[in-house]
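Written out below as structure tokens is the structure these notes cover.
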Amino acid sequence: MEAKCVLDASLILSVASANAFQLLWTHPVYVWHISGIVRSELRQRTSRDPIDAAIAAGHLLLVELDTADPAQMREWATWLERVDQGEAEAIAVASTRGWLVAIEDRQAQRAIDANLGQGRWVNCGSLLIDAVVDKRFSVAEADKIFHNLDCYGSYTKVGLRTIADLMSYLGDPSNERG
């Protein structure tokens, strides 16, 4: 079963900080997409070059809002009031097409949960857990990536220092999604 997922710059930058794009391209479920605004937000070679290579290799597909579709334009305008332009474009594409958003920005994740419902986004933590569960990465490999993500500090603020910590935390239904 495949699921379409639109990347936001916040997740791309986190993955780039750990040089861990294999986390995305080896995922057996997600068909990755990137919008024009999100792509334009990638100004550093460490994030832009791997994205361009992934597009060329067919690991990543370009997607655009349909400017002739009033529903998509309304959705984009609504999201522009809550998040930045790239996030708004990625969320509008995902929400109007029934796709997921790959996003690290916690404020945007909460807005997605509140406005679109739970289960509409993925982040680096969930992708790392998938990689361990699917046996694409060992726990040690996942921990190394986890520790090198630029978003790692956000996890440590709530006491999550390892993939095992994160798996335990997410397995507790009293906790909000990571």
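The values are calculated or read from the model by the stated rules, or taken from the named source; none is laboratory data. All figures in this text were calculated on a predicted structure; none of them were measured in a lab. In this analysis, Cβ positions are derived from the backbone assuming ideal geometry, glycine residues included, and neighbour counts consider all displayed protein chains.
Would you confirm, using the coordinates I've provided, whether Thr46 is surrounded by fewer than 19 Cβ atoms within 10 Å (Cβ to Cβ), among the β-branched types (Val, Ile, Thr), within 26 Å of Val133 (Cα to Cα) and more than 14 Å from the chain's Cα centre (by Cα)?
no
If we scan the stretch 128-147, do we find a residue that is in a loop (DSSP other than H, G, I, E, B), under 28 Å from Asp52 (Cα atoms) and of a type in the set (Ser, Thr, Tyr)?
Yes, some residue in the stretch 128-147 is in a loop (DSSP other than H, G, I, E, B), under 28 Å from Asp52 (Cα atoms) and of a type in the set (Ser, Thr, Tyr).
Give the stretch 149-165 a look and list any residue that's assigned to a helix (DSSP H, G or I) and farther than 14 Å from Glu104 by Cβ, or say none.
Thr156, Ile163, Ala164, Asp165
Of these, Glu89, Glu64, Glu41, which one is of a type in the set (D, E, K, R), more than 20 Å from Ala111 (Cα to Cα) and in contact with a strand residue (DSSP E or B) (Cβ under 8 Å, 6 or more places away or on another chain)?
Result: Glu64 is the single residue among Glu89, Glu64, Glu41 that is of a type in the set (D, E, K, R), more than 20 Å from Ala111 (Cα to Cα) and in contact with a strand residue (DSSP E or B) (Cβ under 8 Å, 6 or more places away or on another chain).
For the stretch 56-68: of the residues being modelled with pLDDT under 95 and surrounded by 13 or more Cβ atoms within 10 Å (Cβ to Cβ), which is nearest to Ala114 (Cα to Cα)?
Among those residues, the one meeting the criterion is Leu65.
Mind checking whether some residue in the stretch 64-83 is of a type outside the set (Gly, Ala, Ser) and closer than 29 Å to Ile163 by Cβ?
yes
Return the residues of the stretch 97-129 that are closer than 16 Å to Leu166 by Cα, touching a Leu at 6+ places or on another chain (Cβ under 9 Å) and not β-branched (Val, Ile, Thr); say none if nothing qualifies.
Of everything in the stretch 97-129, those that are closer than 16 Å to Leu166 by Cα, touching a Leu at 6+ places or on another chain (Cβ under 9 Å) and not β-branched (Val, Ile, Thr) turn out to be Glu104, Asn123, Cys124, Gly125, Ser126, Leu127, Leu128.
Looking only at residues in the stretch 99-120 that are modelled with pLDDT of 95 or more and of a type in the set (Lys, Arg), which one is surrounded by the fewest Cβ atoms within 10 Å (Cβ to Cβ)?
Arg110
If you go through the stretch 22-37 one residue at a time, do you hit one that is surrounded by fewer than 13 Cβ atoms within 10 Å (Cβ to Cβ), farther than 26 Å from Ala142 by Cα, hydroxyl-bearing (Ser, Thr, Tyr) and over 12 Å from the mean Cα position of the chain (by Cα)?
Scanning the stretch 22-37, I find no residue that is surrounded by fewer than 13 Cβ atoms within 10 Å (Cβ to Cβ), farther than 26 Å from Ala142 by Cα, hydroxyl-bearing (Ser, Thr, Tyr) and over 12 Å from the mean Cα position of the chain (by Cα), so the answer is no.
What residue, of Asn175, Asn123, Asn148, is in contact with a helix residue (DSSP H, G or I) (Cβ under 7 Å, 6 or more places away or on another chain), at pLDDT 95 or above, loosely packed, with under 15 Cβ neighbours inside 10 Å and not small (Gly, Ala, Ser)?
Asn148
Residue under question is Ala164, and the condition is that it be modelled with pLDDT of 95 or more and on the phi < 0 side of the Ramachandran plot; does it hold?
no
Give the residues of the stretch 20-43 that are closer than 15 Å to Glu64 by Cβ and among the small types (Gly, Ala, Ser), sorted by residue number.
Scanning the stretch 20-43 gives Ser35, Gly36, Ser40.
For the stretch 66-95, give me each residue that is small (Gly, Ala, Ser) and in contact (Cβ under 8 Å) with a residue 12 or more places away in the chain.
Scanning the stretch 66-95 gives Ala71, Gly86, Ala88, Ala90, Ala92, Ala94, Ser95.
State which residue is surrounded by the fewest Cβ atoms within 10 Å (Cβ to Cβ) when the search covers only the stretch 88-98 and only residues that are closer than 16 Å to Leu62 by Cβ and in contact with a helix residue (DSSP H, G or I) (Cβ under 7 Å, 6 or more places away or on another chain).
Restricting to residues being closer than 16 Å to Leu62 by Cβ and in contact with a helix residue (DSSP H, G or I) (Cβ under 7 Å, 6 or more places away or on another chain), the top hit is Ala92.
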